[in-house]
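The values are calculated or read from the model by the stated rules, or taken from the named source; none is laboratory data. It should be emphasised that the depicted structure is a prediction, and the values quoted were computed from it without experimental measurement. All Cβ positions, glycine included, derive from the backbone under ideal geometry; neighbour counts span all protein chains shown. Note: areas computed on protein heavy atoms with side chains; ligands, DNA, RNA excluded. Shrake-Rupley method; radii C 1.70, N 1.55, O 1.52, S 1.80 Å.
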Amino acid sequence: MKLALKKAPVSEKTVILINLAKVSQDINQSLVYSKQALSYAKSDSEKSSATNQIAWTFKNLFQFDSAKLYAQKSLKYAQLGNDPLVISDVYSTYGSIFNNGGGFDSALYYNKKSLEYRIEAGDKQAQAASMNNIATVLQRLSRYDEAMIYINKSIAIYLTSNDNRSAADSYLNKGNLLNSLGAMDSAYVSFQNALKEYEALDLKSMMPYALINMATVAVQLDRLEDAKKGFVRSKDILIEGDKNPQLLGFSYNGIGGVYQAKDLYDSALLMFMEGEKYALLAQNEYLISMVYNNLGDTYAHKQEYKTAITYLDKAHELKTKIGDQAGLASVSITLASTYGDLGEYKKADKYYLEGIKLAEQVDDKVTKRKAYQEMYLFQKELNNFANSLSYLEKFMVLDDSLINNRNLDKIAELNTQYETEKKEQQIALQEAQLGEQELKLERNRLLMIGLVLIAILFLAIIFLVRNRAKKNEQLILQQAQLKLRETELNAVINSQEKERGRFARDLHDGFGQLISVLKLNLSSLTDKDAQYPEKRLEVFKNGESVINDMYAELRSICFDLMPQTLVKKGVTIALKEFGDRITQSKKVVCEVMVFSNKERLPEIVEISLFRICQEWVNNVMKYAEASHITIQLTRDETELTLTVEDDGKGFDAEFFYSGKGNGWKNIQTRLNLIKGEFDLDTQPNRVGTMMTVNLLEVEMKEVSARAERSITV
């Protein structure tokens, strides 16, 4: 397609560039193609299509304000061109922007407008796409019956036209809809069909969508290993690909859900927090609210109730804001359960009733099942046997698979207790007639007590074993952390001792010798020689030369200890001065390049980056036999990258990581301070080595804040 672009006349370049933008796997490159298309556009329809593609790309970059601005421009061009299909495309983009941003009512409005214009244009494929989008939004609004009508129409059109890619997208939406309706087996099959189509088309950008949804349903079906494999595979595909923060948020959130189902709450929290990081980066309020709900639920299981309620309140606020009634029902149930554990029964009852009401309104069978079950247990704990019995019956009607002898016994027990409480006087009058039945009841009671004791003993053993395993796990983790800290401390001490030794040698060999020379020069001026001006002038000039050498030596020592340039002007200027000094030594040429780094970095980051660079360059000069070193510092809105590349001998990276020297330990200690990622590209018998340190902008802010807190304390 790029070759066609070069040969194409100017009148065709806009269309080719828009198609390049649509198929590009690199979102930033897609934006470049879209803007180039706009520069070649002549007609109003071409300008509308180009600006619409720019809006779509900004939407994929989660820059929703910019996306809306370009969509508005595109709509003006489209209305001037009066092409219904072009106008429909702009409304479709508007719908996608609002859907991703959580404005579901607006998203539904714009997608229906898009469908109207596509019906007017007579484009069946485009109509199916709008139906698919409308079904997605209706599902978010919990209008499931309407959503199913639109999704089935969409699939029928795609299958008729053999559009397998679009059919796969519709299978995804249908799977989500079936899952919301409680038809989990059918939902899993629908997601599986979507995955097969994406794999056949080698669409790695879409595989995570299918994998995440399949894994989510697998959790509900209690197929935890299948779920974990699906979430991990989706995460791996995303990390190797475009690192979509929204999908990474869903993947980590899903892995956390699997760990939570296995009662591995610490591991679950780690995954949920990773999910929170990517959800905030994606600015997706639906995903953020989901992660907050899971964090709150996990902290509740850990009996850290205040933290749990903090997260659950945030989730409740976001779910209310975006109008996610099904999600709000789930959050309300979790809040109720947490307040119940705290003994705040009024609040618990309030949130249980709110959650049940919402779940019944949206007919979310999964949430209703959970709500009825928990409300049954809650009412039973309060000795409200009539209410408890009512909710148990609702739960059993909803979930036929749970209607077994055990639940029938529970109903009988509740009936007996309720009737006993209501008809105590009648039972007293009929004691004589029930004598034989009492014997049977006593025997059954003893049997039940025995079973209960066995169950309690079994649960106690499980608790003790699990508690012991958890303590062993914590002990192993603490020992590993202590060992790591001990290694880092030894590396710091060894580095300090090495630096002190080098400093002493520099003073003795350099500065000390210069002082001796100055002393000898001054002592050569005897009382007799002092009478001659020529002799005094000679001694003065020699002394001045020695003092200049002493000053230069002192500056060199101070630079090695802590460059004033680094403290006063920052790491950019300090690296350039460092490179100039190396070049002036005539041992190797050192080139320093800095891109987009106008602002000062946090002090701890600047010092750590400089020391890592200094340590690496010294190793290169000592071992690599290089003639040229390139230091490059690059910073953009999201991350900062330091690379040091040389043309010396390569080596086995494992020897470096496992070596007995302090080089890697010093670098690792600095990296841990600033939460940096380290990468080394080198091989034995290959010329050239490149070392890379990468820091996320978010991590740098956290490191800076932590450093400020430690100073305040």
Taking ALA300, is it at pLDDT below 85, assigned to a helix (DSSP H, G or I), open to solvent by less than 70 Å² (accessible area, probe 1.4 Å) and among the aliphatic types (A, V, I, L, M)?
-> no
Result of the Cβ filter at 6 Å on the range 628-641, keeping first residues that are open to solvent by less than 50 Å² (accessible area, probe 1.4 Å) and partners that are in a loop (DSSP other than H, G, I, E, B) and not hydroxyl-bearing (Ser, Thr, Tyr), at least 6 apart or interchain, is ILE629/VAL588; LEU633/ASN597; ARG635/ASN597
Report whether or not LYS380 is open to solvent by 80 Å² or more (accessible area, probe 1.4 Å), farther than 25 Å from TYR311 by Cβ and modelled with pLDDT of 75 or more.
-> no
Selection from the range 593-630 of residues that are of a type in the set (A, V, I, L, M, F, W, C), outside any helix (DSSP H, G or I) and closer than 30 Å to LEU61 by Cβ = MET593, VAL594, PHE595, LEU601
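Results for (1) under 29 Å from LEU61 (Cα atoms); (2) open to solvent by less than 20 Å² (accessible area, probe 1.4 Å); (3) modelled with pLDDT under 90, shown as yes or no for each residue.
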residue: ILE97; (1), (2), (3): yes, yes, no
residue: GLY103; (1), (2), (3): yes, no, yes
residue: SER114; (1), (2), (3): yes, yes, no
residue: ARG118; (1), (2), (3): yes, yes, no
residue: LEU141; (1), (2), (3): yes, no, yes
residue: MET148; (1), (2), (3): no, no, yes
residue: ASN152; (1), (2), (3): no, no, yes
residue: ILE155; (1), (2), (3): yes, yes, yes
Looking only at residues in the range 120-133 that are touching a residue at least 40 places away in the same chain (Cβ under 8 Å) and among the hydrophobic types (A, V, I, L, M, F, W, C), which one is most open to solvent (accessible area, probe 1.4 Å)?
-> ALA126
Checking TYR278 against (1) within 25 Å of TYR252 (Cα to Cα); (2) open to solvent by less than 70 Å² (accessible area, probe 1.4 Å); (3) out of contact with any Pro (no Cβ under 7 Å at 6 or more places or on another chain), the condition it does not meet = (3)
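Select from the range 240-249 the residues that are without any contact (Cβ under 8 Å) to a residue 40 or more places away in the chain, part of a helix (DSSP H, G or I) and either among the polar types (S, T, N, Q) or open to solvent by 20 Å² or more (accessible area, probe 1.4 Å) (or both) and list them in ascending order. Even if it seems obvious, please write down each step before you answer.
The initial filter retains those residues of the range 240-249 that are without any contact (Cβ under 8 Å) to a residue 40 or more places away in the chain, namely 240, 243-244, 247-248.
Going one step further and asking which of them are part of a helix (DSSP H, G or I), we end up with 240, 247-248.
Across the range 240-249, the qualifying residue is only GLU240.
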Based on what the data block shows, is THR93 in contact (Cβ under 8 Å) with a residue 12 or more places away in the chain, open to solvent by 20 Å² or more (accessible area, probe 1.4 Å) and of a type outside the set (Lys, Arg)?
-> no
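Suppose we filter the range 171-190 for residues that are hydroxyl-bearing (Ser, Thr, Tyr) and open to solvent by less than 40 Å² (accessible area, probe 1.4 Å); how many remain?
Qualifying residue count for the region: 3.
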For the range 303-316, enumerate the residues that are open to solvent by less than 70 Å² (accessible area, probe 1.4 Å) and either part of a loop (DSSP other than H, G, I, E, B) or over 13 Å from SER337 (Cα atoms) (or both).
-> THR307, TYR311, ASP313, ALA315, HIS316
Quick one: count up the residues across the range 159-170 that are out of contact with any Phe, Trp or Tyr (no Cβ under 7 Å at 6 or more places or on another chain) and surrounded by 23 or more Cβ atoms within 10 Å (Cβ to Cβ).
-> 1
Name every residue in the range 583-592 that is assigned to a helix (DSSP H, G or I) and modelled with pLDDT under 90, in order of residue number.
-> GLN584
Counting just the residues of the range 596-610 that are modelled with pLDDT of 85 or more and closer than 15 Å to GLN632 by Cα, which one comes out surrounded by the most Cβ atoms within 10 Å (Cβ to Cβ)?
-> LEU609
